Amino acid sequence: MLKTDPIDYLILPRVIACCLMMPLMMIFALIMGIIGGTFAASQLYQVVPEIFLESVRDFLALSDLAVMLLKGLIFGTIVAVNSCSWGLTTKGGAKEVGESARTAVVTTWVLIFIMDLLLSLVLLNQQGL
């Protein structure tokens, strides 16, 4: 193994990649949501796309985007660290790998829900809402 540290070789690249990609995925999801909302508003409710996009611009603050990116960074860290820790502690055969994967998904969801609640409470109190 040439004295390779598994943290540096396996964990760190995955954590960095997940922390960088999660905010980018959230930006992509926001753009797709706006495009889908524009399409639905124009097709189902006959709202002119310019009016819909103007209302998005009026109601979407720059602080909302900053909070979204901060949450994406934190959620990416949670996903990567939790998944890697469950993966490193897995022993046995295919059955144990499946159980570790299931447990990693469930604990990641719970941690993200809890962290989302805490971040929302802190950031909304900070904004005075």
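Numbers for the structure displayed
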item	result
Residue within segment 110-124 that is without any contact (Cβ under 8 Å) to a residue 40 or more places away in the chain, closer than 30 Å to R14 by Cα, in contact with a helix residue (DSSP H, G or I) (Cβ under 6 Å, 6 or more places away or on another chain) and not in a helix (DSSP H, G or I) present	no
Subset of segment 38-60 [of a type in the set (V, I, T) and part of a loop (DSSP other than H, G, I, E, B)]	V47, V48
Check on S63, among the small types (G, A, S), part of a helix (DSSP H, G or I) and surrounded by 12 or more Cβ atoms within 10 Å (Cβ to Cβ)	no
The listed residue being more than 18 Å from I112 (Cβ to Cβ), assigned to a helix (DSSP H, G or I), at pLDDT 95 or above and within 18 Å of the chain's Cα centre (by Cα), out of I31, I35	I31
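The values are calculated or read from the model by the stated rules, or taken from the named source; none is laboratory data. Everything numeric here is computed off the predicted structure, so don't read it as measured data. All Cβ positions, glycine included, derive from the backbone under ideal geometry; neighbour counts span all protein chains shown.
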